[in-house]
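None of the figures in this text is laboratory data; all of them are computed from the coordinates on show. This structure is a prediction, so every number in the text was calculated from the model and none was measured. Don't worry about glycine lacking a Cβ; one is built from the backbone with ideal geometry, like all the others, and counts go over all protein chains shown.
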Amino acid sequence: MNIDERTQVSRKAGTGEGLPDVKARPGTDHRETADGYRGVILDLGRYRVAICRDGLQWLYQRRRPGFAGVGPAWDSIGYCTTRKALIRLQRSHMGADAPALLTLPERFEREGTE
């Protein structure tokens with residue numbers, strides 16, 4: 001992959017790429033750790049699922065405690081390309097099922113690879 005292709009993929013992150021029926025939450029920030037990251041697809045309270053900025057996989061993230069004047073940030077605690085792995089990771093951190101994850105496809109699919 002050359003630099004131009006990587007830039008194009010990065011700009012597409014958060015547009016629902018890889019998820020035909022799931023729309024990303026509107027956001028404008030390109031940083032995966034930002035509260036307003038454009039690639040977020042599911043908000044699970046203290047946790048969230050997003051598409052990585054390169055459009056290769058799902059990110060499972062946990063909200064970092066905010067500091068005065070800084071605002072919340074997010075840490076990626078797992079990277080998954082299958083729904084089964086994402087559900088397993090989510091259960092290990094939250095201790096309960098999140099039915100919203102069942103709406104995701106079995107495998108993460110990059111646009112144009114079908």
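Hey, with R₀ at 22 Å, roughly what FRET efficiency would Ser76 and Arg46 work out to, going by the Cβ-Cβ distance, to 0.05?
The formula returns an efficiency of 0.95 here.
Sorting Glu106, Glu32 from the fewest to the most surrounding beta carbons within 10 angstrom yields Glu106, Glu32. What the Kirkwood sum gives for segment 31-89 is a hydrodynamic radius of 11.6 Å, with every pair of different alpha carbons counted. Projecting the Cα atoms of Val40, Trp58, Thr82 onto the dipole axis of segment 27-101, where Lys and Arg carry +1 and Asp and Glu carry -1 at the beta carbon, places Thr82 farthest toward the positive end.
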